[in-house]
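Structure first, then comments.
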Amino acid sequence: MRKTVVKLSSLSKKFFMAFAGLFLISFLVVHLGINLFILPITADHELIFADAVHFMTTNPLIKVMEVVLFGGLLLHAILGIILQLQNWNARPVGYKVSQKSQVYSPFTRFMIHTGVIIFLFLIIHFMNFYFVKLGWTDPPQGVYPIAGQHDFYNMALNLFANPTYCILYIVLILGLGFHLHHAFQSAFQSLGLNHPTYTPVIKVVGTIYSVLVTLGFISIPLYFLFA
């Protein structure tokens, strides 16, 4: 009976972790869409970026979703750590895949490591942008508010003007890409969507998604390094 309870508890953790993960995956698309307007992809890209950031930082509904986002991020991270610790305790000899239905790839065993990389990226990102928005840290020297709003566009330009930051950003985003590659397909399996017919499709979509998101984010520092 106790083993059954533990098993159900583990399945519940995986379900909620997957649900939170898919929510975060959806958010990344929105975040990337806004960030790409840092680049001169249109004549009025700076204005589009500023308008999008203004909407994301002032709209009441977005503020509510922001709380949900942080809740999902925290839930995903905590459950991921708990499940990894349980996995280590259950398999002292090392990681093994005993069920054919389990999603496995070379990325699987490194999920906790890439998760740590993402955590480091979030710390840097929050210190440079979100904490400035909250007033916890000051904006970079020479970057001043415009019409009472923080100038996040020039904050980004200021950061990407530093080659060291660009290289660090690329390395951290690569870690995110590796994490997403396995997380996408694993999330659907944890939600019970595992079938010989459409699981291969999910894997292909997950690969395409992770590659495009990774290349999208990396294109920004690459532009400032080589353009």
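Here residue 25 clears all of (1) within 30 Å of residue 200 (Cβ to Cβ); (2) surrounded by 11 or more Cβ atoms within 10 Å (Cβ to Cβ); (3) at pLDDT below 85 except the condition numbered (3). When the range 178-200 is filtered for residues that are modelled with pLDDT under 90, in a helix (DSSP H, G or I) and farther than 23 Å from residue 12 by Cα, only 200 remains.
A search for C-beta distances below 8 Å between a residue of the range 123-140 that is touching a residue at least 12 places away in the same chain (Cβ under 8 Å) and any residue that is exposed (fewer than 15 other Cβ atoms within 10 Å of the Cβ) and of a type in the set (Asp, Glu), counting only pairs 6+ apart in sequence or on different chains, returns 132/138.
Would you call residue 207 surrounded by fewer than 20 Cβ atoms within 10 Å (Cβ to Cβ), within 30 Å of residue 11 (Cβ to Cβ) and among the polar types (S, T, N, Q)? Yes: the conditions hold for residue 207. Criterion applied to 173, 167 was being surrounded by fewer than 19 Cβ atoms within 10 Å (Cβ to Cβ) and either hydroxyl-bearing (Ser, Thr, Tyr) or in contact (Cβ under 8 Å) with a residue 24 or more places away in the chain (or both), and the one residue passing it is 167. Would you check if there is a residue in the range 136-143 being in contact with an Asp or Glu (Cβ under 7 Å, 6 or more places away or on another chain) and at pLDDT below 90? Yes; the residues of the range 136-143 include at least one that is in contact with an Asp or Glu (Cβ under 7 Å, 6 or more places away or on another chain) and at pLDDT below 90. Could you grab me the full set of residues in the range 10-41 that are in a loop (DSSP other than H, G, I, E, B) and farther than 22 Å from residue 150 by Cα? Passing the criteria: only 41.
The values are calculated or read from the model by the stated rules, or taken from the named source; none is laboratory data. Quantities reported herein were computed from a predicted structural model and do not represent experimental measurements. We place every Cβ from the backbone using ideal geometry, glycine too, and count neighbours over all the protein chains shown.
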